[in-house]
Each structure stands twice: as structure tokens, then as C-alpha cells.
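Taking it in order: structure first as C-alpha cells, then the write-up.
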Amino acid sequence: MNWKKILLLSGVGIVLCIPVKSQVVFSPQYMARGEYRHGYKSLADTNQNPAVFISQRARLTGEYKANKYRIVLGIQDVRTCEVITLQLMLKGLLSVSEAFAEITPNNKIAVSVGRQILSYDDDRIFEILDWAMQARRHDLALLSLLTAP
């Protein structure tokens, strides 16, 4: 056997024997909504035609957790289809919904940096606004003080 193969196999064997306390979770989400607009923001004119739209959002979020850190990456695709003409509007399709890393050096503080969703006080101060197709997220560095469980 080649010494490279022996080194590779022994390295794989060592890695397989080390207990790892980490977790990977993928969360898919799909949301579709139909809208009928006739007289939107004002009374409808007699010559005005109604507008019918179908909006959809597909989102995939991946999260990696280990003992002291967490990495979250989420991408989303938002599209709108006008039903009357059956045309797909191709503006702003793919975007990053979340992309941040969080480190917890001890059980008192946590620091996260990147694009993240904030939700405080039952969504009264900062809300996710998840009913909107693109939702709401913030690019920031966040220092959190953790409370004892």
C-alpha cells in the first residue's frame, strides 16, 4: 500500500472515533398567496380592469450547531406571476434571507454577526414580517446577554 493511502485511512479512522457534538438541520419552507386587486388604495374606476397575482416564496435554511458556535445560512426565491397574462416577473428572484455566525464563549454572552432575523417582545418591537414574501432581516452584529435556564 502507498503511504498516502495508509495516512488517509488512519486519519479517517481517527476522525470516526472522535465523538462530535454537533448538529446540522435543514428547514425548507414554501408559501404561495393569490391576490385579487380591483380598486386597490382607491375606489375602482368603471374602466379599470382587475389584477390577479400569485406570489410564491421558496426558502431553504441550513443550520450547523456545535458546542460554542452556530452557523446559519438561508436562501430564498421570491416570484410573482400575473394570472391574466400568465407572465412571470423575473425581478429580484434569489436572495439571502439569513447568513450569520454566532459564538458563545461562555454561558453569559453570545455574539452573532451577519444577516439575521430579529424577533423581540412577541414581535411588537422587532417583527419578522414573515407574511410578506421577502420577510424582514437585518445586517448587524449582536451582543446578547444570556440568562440562566
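Rounded to the nearest Hz, the phi-derived 3J(HN,Hα) couplings of the range 44-49 under the Karplus curve 6.51 cos²θ - 1.76 cosθ + 1.60 (θ = phi - 60°) are 6, 7, 5, 8, 7, 8, where x marks glycine and proline.
Given their separation in residues at 0.36 nm each and the Cα-Cα distance between them, R124 and S27 gain 32.4 nm when the chain is fully extended. Relative to the current alpha-carbon distance between H138 and D77, full extension at 0.36 nm per residue lengthens the span by 20.2 nm. When each of the peptides 50-63, 131-144 is scored by how many other beta carbons lie within 10 Å of its residues on average, the order from highest to lowest is 50-63, 131-144. The distance between label points at W131 and Y36 comes to 1.9 nm (points 7 Å beyond Cα on the Cα→Cβ vector).
Values in this text are rule-based calculations from the coordinates and carry no lab data. As the structure is a computational prediction, the values presented were derived from the model and not from experiment. Methodologically, a virtual Cβ is constructed for each residue, glycine included, from the backbone with ideal geometry; neighbour enumeration extends over all protein chains shown.
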